[in-house]
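Enquirer: I am attaching a structure below and will ask some questions about it afterwards.
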Amino acid sequence: MAAVPDFPARCVIWFGQPLALERATLAAAGWQVRSVAPEQCAGIGMRGSDQVVGLLDLRTVVPANLAHLQQLLVDHRHMSLLALLPAAPLRSSPVLDALLAACVDTYVAPIDLPRVVQRLQQLAGAESLPAAHGPQSLIGDSAVLQVTRAAIRRYAPVDLPVLITGETGTGKELAAQALHALSARHARPFLAVNCGAIPAALVQSELFGHERGAFTGAATRRLGLFESASGGTVFLDEIGDLPLDAQTNLLRVLQEGTVERVGSNRPLEVDVRVLAATHVDLEKAVEQGHFRRDLFYRLNVLRLPLPPLRERGSDIALLAHHFLSSFRHRHVTRARGFTAEAVQALERFGWPGNVRELLNRVQRAAIVSDAELITAADLELSQPLLASTERGLHGAKQIAERETLLHALRQHDFNVTACARHMQVSRVTVYRLCRKHQLALPELR
């Protein structure tokens, strides 16, 4: 068999025969398509760019030829594979099951070509730069994430403060970068700081700057974060940890658009947009006297809640594949996919650390795995319900109730009326259960 030449960047190796419209659509999105006949699928070898994706067209590769594809898992372990499936279900076989488990994503005819192109962009790393690609850098197709993306698009052009809320690890800085990327300030700096990570004695200097000689060790003048971000955006993460004296100066920035360096009494005009994030209840912090009420109102002009990972359904597996693909581009690993058991474990786990925890588990599993498909044990999720059952029968019932509710909501596209009918309860009961299990889903209707 003749060797296949080096592949260019942004190339799709199409195992099968694409339709003319499919080839043209991918070409319009900047992708080159190289078609490989079914009998050539094994052992073609791969060279060239990392931005090469395999597209396994099982609409044209009939089940009788699946034996020829088994070598794909060995020959192309570093290639991300997508599968196109016919509308009629394929007859299951060990080879077919292994291939589908190794694929990053699958699509059933009629194929949604724009969605395939979007997935290709993600796999090539085109959406790994949130500042350049806006809300699409928040990877996923769940209804809750679509609501988040829509809010980002609405808020980005409006030059007002945005308060981003959500649990730790939900991607608040990523959302802030997306807001900046879609704003009129996108060509100017985006500067982020974790307010809880700055020593209390240095907060004023870091944020607002200082003059030479303002304090011991201040040998030169220093520009603060707000001056350095002139014309751009400042993202204040964990704003609830900001000391009260710094809160007063931040209020001046928001009200008057000025800062005063430490050691100076001359106000300086600054032109910045302020985005803030918190995982704590700022309203409660206000009531307890830990956060200024007037500052809270200034920051809380627009609010962007981010959903926890456990409420994002199929996004969990999508993110896991994305993290594994990114890891494979930078490190040597045999892992190139997940077993069906691992995907189930990923979607059943509660993810207290959210997206950050998922990233850590996938990277660790990619290192420790000795196989091409990561298992639930590799992810340390082989007994995902153990922790819940240890809390006794009542705890297990609560988890079962929550999972049943989430499943019904997702199945009916978060339509409360349809969900209530399916669960044979009233709409009021559905809303009550959502409050009970803290399902803050903005799309409920």
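The values are calculated or read from the model by the stated rules, or taken from the named source; none is laboratory data. Quick caveat: nothing in here was measured; it's all calculated off a predicted structure. A quick note on method: Cβ atoms are made from the backbone with ideal geometry, for glycine too, and the neighbour counts reach across all protein chains shown. When the accessible area is computed, the model is the full protein with side chains, heavy atoms only, and any ligands, DNA or RNA have been set aside. Shrake-Rupley method; radii C 1.70, N 1.55, O 1.52, S 1.80 Å.
Enquirer: Among 293-302, 424-433, 233-242, what's the highest-first ranking by average C-beta atoms within 10 angstrom per residue?
Expert: Final packing ranking: 233-242, 293-302, 424-433.
Enquirer: What is the spin-label model distance, in nm, from GLU357 to ARG153 if the labels are put 7 Å beyond Cα along the C-beta direction?
Expert: 3.2
Enquirer: Further question: Give me the lysines in straight-line cross-link reach of LYS284: C-alpha distance below 22 Å, same-chain residues under 8 apart excluded.
Expert: Correct list for LYS284: LYS172, LYS436.
Enquirer: What number, in percent, do you get for the relative contact order of the stretch 195-280 if the mean sequence gap of Cα pairs under 8 Å and at least 6 apart is divided by its residue count?
Expert: Over the stretch 195-280, the number comes to 36 percent.
Enquirer: CYS103's amide H: which non-local residues (gap 5+, or another chain) put their own amide H closer than 5 Å, with H modeled 1.01 Å from N in plane and none for Pro or chain starts?
Expert: none
Enquirer: Explain nothing, just compute: Karplus ³J(HN,Hα) = 6.51 cos²θ - 1.76 cosθ + 1.60, θ = phi - 60°, for every residue of the stretch 183-199 in order, whole Hz, x for Gly and Pro.
Expert: With coefficients 6.51, -1.76 and 1.60, one gets 9, 5, 8, 4, 7, 9, x, 10, 10, 10, 8, 8, 4, x, 9, 8, x Hz.
Enquirer: Only Cα pairs under 8 Å and at least 6 apart count here; give the relative contact order of the stretch 145-235 as a rounded whole percent.
Expert: Reported relative contact order: 28 percent.
Enquirer: What distance in nm lies between label points placed 7 Å from Cα along the C-beta direction at ARG432 and THR417?
Expert: Label at ARG432, label at THR417, 2.2 nm between them.
Enquirer: Continuing with the same structure: For the stretch 159-285, which whole-number percentage of the solvent-accessible area (1.4 Å probe, protein heavy atoms only) is attributable to carbon and sulfur atoms?
Expert: 49
Enquirer: Please sort 168-180, 369-381 by packing, taking for each peptide the average over its residues of neighbouring beta carbons within 10 angstrom, highest first.
Expert: Packing order, densest peptide first, comes out as 168-180, 369-381.
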